[in-house]
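**Q** The following block contains the structure, expressed as structure tokens.
The values are calculated or read from the model by the stated rules, or taken from the named source; none is laboratory data. This structure is a prediction, so every number in the text was calculated from the model and none was measured. Here the Cβ positions follow ideal geometry from the backbone for every residue, glycine too, while neighbour counts run over all protein chains shown. For the accessible areas, the whole protein counts, side chains as well, though only heavy atoms, and no ligand, DNA or RNA atoms are used. Shrake-Rupley method; radii C 1.70, N 1.55, O 1.52, S 1.80 Å.
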2 protein chains.
Amino acid sequence: MEIIVAKKILNANDQIAQANRARFDASRVLAVNLLGSPGAGKTTLLEAVLPGLAKTRKIAVVEGDLATSRDAERIEAIGVPSMQINTAGGCHLDANMVSRAIGTFELDSLDLVVIENVGNLVCTAGFDLGEHLRVVVLSVTEGDDKIEKYPPMFQKADALVLSKMDLLPHTNFQVERMRENLQRLSSQARLFPLSVQTGDGIDAFVDWLESAMRRDRRDR
Amino acid sequence: MEIIVAKKILNANDQIAQANRARFDASRVLAVNLLGSPGAGKTTLLEAVLPGLAKTRKIAVVEGDLATSRDAERIEAIGVPSMQINTAGGCHLDANMVSRAIGTFELDSLDLVVIENVGNLVCTAGFDLGEHLRVVVLSVTEGDDKIEKYPPMFQKADALVLSKMDLLPHTNFQVERMRENLQRLSSQARLFPLSVQTGDGIDAFVDWLESAMRRDRRDR
């Protein structure tokens with residue numbers, strides 16, 4: 001009985017997700033679902049990446065959190081419009097929440113919408129929001145065993161940002177071990193080791209996002 | 001409709017949790033639910049704390065993960081019996097899983113059972129497993145805004161272990177800000193800043209666990 005209900009919810013979510021994607025496509029907007037554990041550095045990554053991108057691209061951000069509008073305020077502070085969703089205890093965003101949030105944007109005027117999901121390495125993996133790309137942020141301080149222990153999240157990633165690389169010398173994180181685990185999972189994820197503190201690796205990730213936006217416009 | 005089903009599941013969980021607690025009580029075992037984000041340092045904390053405790057106390061560990069038996073192997077490697085639960089994608093342990101796991105232990109011969117939950121700062125907060133104490137591990141690398149952003153987890157904590165304190169100088173984590181947020185939440189959690197790398201703060205946490213075991217035996 002519970003399984004039937006769960007399936008019904010998932011299907012409803014997938015239908016709304018497809019409608020979201022159609023709206024993004026009609027407006028030629030690239031939509032990115034940004035995922036990872038609490039404190040992996042998702043908002044900090046946006047603070048590092050968006051100001052440069054915003055010079056030539058129109059961007060908006062949807063922020064998902066259980067409580068507070070702290071992350072949306074951080075994004076507004078760098079001059080990028082954002083919309084905070086509070087899930088009131090919910091462990092992930094769903095397509096319906098995102099549908100309501102993007103209804104407040106002028107999608108036709110945008111190039112990129114980033115949806116920063118609730119910090120959660122499990123539940124968020126199961127819900128399509130209508131995005132084109134999934135970017136997972138994993139910090140080196142979380143340990144190099146996370147791909148084996150939380151496979152669904154990494155299985156579906158298009159990019160894996162390995163954050164806080166400046167802290168690597170203080171950890172026992174082995175980048176090669178993580179890379180092998182990613183390959184073993186048959187994940188297609190592009191790997192971007194970077195540090196917001198030093199700036200190392202940021203350009204490669206920005207280039208990849210730029211290229212995805214160009215590809216996105218060409219395809220439609 | 002979905003809400004009714006969710007309530008039914010919670011009630012069933014609570015009933016089994018109460019039965020688990022009664023089994024722990026009858027065997028005079030202290031049961032601890034160990035929670036936190038992926039990579040907060042839960043297993044590493046156990047590796048640091050259990051060998052000393054195991055000299056005078058009989059301990060067993062239940063490990064919860066989506067996949068792998070890696071954590072249970074790490075616990076067995078320090079000479080403490082452990083039982084791995086794989087949730088097959090599930091984002092938290094529930095009381096029924098724990099009931100089956102503790103059925104494999106000789107509870108009467110034990111003093112302490114630690115249940116290390118799935119790494120998740122959201123879902124695990126909502127499920128009573130039959131524990132006496134909840135210990136939440138938060139690493140300083142996760143950021144000092146986590147209490148405001150994930151309140152249910154911290155609201156119900158009996159102890160908050162602030163881990164990876166050796167990395168504090170490399171972060172912008174403000175311990176005082178976090179402490180104020182904890183007080184604002186009216187959480188009764190005892191705070192244990194510590195570092196497994198340097199050993200600082202470990203003793204205070206071990207003393208608290210020892211004292212909880214003594215209190216636990218006195219009460220019954």
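**Q** What does the net charge come to around B:Val61 if you take all other residues with beta carbon closer than 14 Å to its beta carbon, with K and R at +1 and D and E at -1? Let's see the in-between values first.
**A** Details: positive: B:Lys42, B:Arg57, B:Lys58, B:Arg70, B:Arg74; negative: B:Glu47, B:Glu63, B:Asp65, B:Asp71, B:Glu73, B:Glu76, B:Asp111, B:Glu116, B:Glu131.
Taking every Cβ under 14 Å from that of B:Val61, the sum is -4.
**Q** To continue, here is another question. Across peptide A:58-68, what mean number of C-beta atoms from other chains lies inside 10 Å of a residue's C-beta? Intermediate values should be presented prior to the final figure.
**A** Working: counts 0, 0, 0, 0, 0, 0, 0, 4, 9, 6, 5.
Counting Cβ atoms of other protein chains within 10 Å of each residue's Cβ and averaging gives 2.
**Q** Quick check on my link table: of A:Lys149/B:Lys164; A:Lys146/B:Lys55; A:Lys42/A:Lys156; B:Lys58/B:Lys146; B:Lys58/B:Lys149; A:Lys164/B:Lys146, which ones sit more than 27 Å apart, alpha carbon to alpha carbon? Write down the numbers at each step before the final one.
**A** Values: A:Lys149/B:Lys164 21 Å; A:Lys146/B:Lys55 31 Å; A:Lys42/A:Lys156 18 Å; B:Lys58/B:Lys146 34 Å; B:Lys58/B:Lys149 37 Å; A:Lys164/B:Lys146 18 Å.
Result: A:Lys146/B:Lys55; B:Lys58/B:Lys146; B:Lys58/B:Lys149 exceed 27 Å.
**Q** Okay, moving on. In whole percent, how big is the carbon plus sulfur part of the accessible area of the stretch B:32-157, probe 1.4 Å, protein atoms only? Write out the running numbers ahead of the final one.
**A** Details: 1820 of 3670 Å².
Carbon with sulfur: 50 percent of the solvent-accessible area.
**Q** Run through the other copies and list how far each one's label point is from that of B:Thr56, in nm with one decimal, shortest first; the point sits 7 Å from Cα along Cα-Cβ.
**A** 6.7
**Q** Right, another one. Can you bin the stretch B:25-112 into rounded, prolate or oblate? Criterion: square roots of the alpha carbon gyration tensor eigenvalues sorted a ≥ b ≥ c, rounded for a/c under 1.5, prolate for a/b above b/c, oblate for the rest.
**A** On the way: a/c = 1.79, a/b = 1.20, b/c = 1.49.
Because a/c hits 1.5 or more and a/b fails to exceed b/c, the stretch B:25-112 counts as oblate.
**Q** Further question on the same structure: Report the local net charge at A:Ala77: Lys and Arg +1, Asp and Glu -1, summed over other residues whose C-beta lies under 12 Å from its C-beta.
**A** Working: positive: A:Arg70, A:Arg74; negative: A:Glu47, A:Asp71, A:Glu73, A:Glu76.
Neighbourhood net charge equals -2.
**Q** Quick one: dipole size for chain B, taken about the Cα centre, charges +1 on Lys/Arg Cβ and -1 on Asp/Glu Cβ, in debye to the nearest 20. Please report the intermediate quantities before stating the final value.
**A** Working: 26 positive and 30 negative charges, 105 e Å.
Dipole about the Cα centre, nearest 20: 500 debye.
**Q** Which residue fluctuates the most in chain B, going by a Gaussian network model with Cα springs under 10 Å, if the choices are B:Lys156, B:Lys55, B:Lys164?
**A** Fluctuation is largest for B:Lys55.
**Q** Hey, another quick one. May I ask you to derive the FRET efficiency for B:Ala88 and A:Ser109 from their Cβ-Cβ distance with R0 = 51 Å, giving the value to the nearest 0.05?
**A** Numbers: r = 44 Å, r/R0 = 0.86.
The calculated FRET efficiency here is 0.70.
**Q** Buried accessible area between B and A (1.4 Å probe, both chains summed, ligands and nucleic acids excluded), in Å² to the nearest 100?
**A** Working: alone 10580 and 10610 Å², together 18360 Å².
Looking at B and A, the buried total is near 2800 Å².
**Q** A further question on this structure: Go ahead and collect, in residue order, the members of the stretch B:112-127 whose backbone nitrogen is under 14 Å from a label point 7 Å along the Cα-Cβ direction of B:Arg100.
**A** Under 14 Å, as judged by backbone N against the label point of B:Arg100, lies no residue of the stretch B:112-127.
**Q** Taking the Cα centre of the stretch B:79-204 as the origin, how large is its charge dipole in debye, to the nearest 20, when only Lys and Arg (+1) and Asp and Glu (-1) carry charge on their Cβ atoms? All intermediate terms of the calculation are to be shown ahead of the outcome.
**A** Values: 10 positive and 17 negative charges, 75 e Å.
In debye, rounded to 20, the stretch B:79-204 gives about 360.
**Q** Comparing B:Leu53, B:Leu194, B:Leu160, which has the greatest mean-square fluctuation in the GNM of chain B with Cα pairs linked when under 10 Å apart?
**A** Greatest mean-square fluctuation among the candidates belongs to B:Leu53.
**Q** May I pose another question? Label A:Ala67 and A:Thr198 with points 7 Å out from Cα along Cα→Cβ: what is the distance between them in nm?
**A** According to this spin-label approximation, the distance is 3.7 nm.
**Q** With unit charges on the beta carbons (Lys and Arg positive, Asp and Glu negative) and the dipole taken about the Cα centre of the stretch A:48-172, which residue among A:Leu112, A:Pro151, A:Gly64 sits farthest to the positive side?
**A** Farthest towards the positive end: A:Leu112.
**Q** For B:Glu176 and B:Ala19, calculate 0.36 nm times their separation in residues minus their Cα-Cα distance, and state this gained length in nm to one decimal. Numbers along the way, then the final one.
**A** Numbers: separation 157, 0.36 × 157 = 56.52 nm, distance 3.92 nm.
52.6 nm is the gain from fully extending B:Glu176 to B:Ala19.
**Q** Rounded to whole Å, give me the distance from the Cα center of the stretch A:104-150 to that of the stretch B:73-144.
**A** 26 Å
**Q** Moving on to the next point. For the protein assembly as shown, give the magnitude of the charge dipole about the Cα centre (Cβ charges: +1 Lys/Arg, -1 Asp/Glu; no others), in debye to the nearest 20. It would help to have the intermediate numbers written out before the result.
**A** On the way: 52 positive and 60 negative charges, 129 e Å.
So the dipole magnitude of the protein assembly as shown works out to roughly 620 debye.
**Q** I need the shape label for the protein assembly as shown. Rule: rounded when a/c is under 1.5, else prolate if a/b > b/c, else oblate, with a, b, c from the alpha carbon gyration tensor.
**A** On the way: a/c = 1.97, a/b = 1.59, b/c = 1.24.
Prolate is the answer for the protein assembly as shown, as a/c is 1.5 or above and a/b outweighs b/c.
**Q** Which one, B:Lys149, B:Lys58, B:Lys42, has the greatest fluctuation when you compute a Gaussian network model over chain B with C-alpha springs under 10 angstrom?
**A** Largest GNM mean-square fluctuation: B:Lys149.
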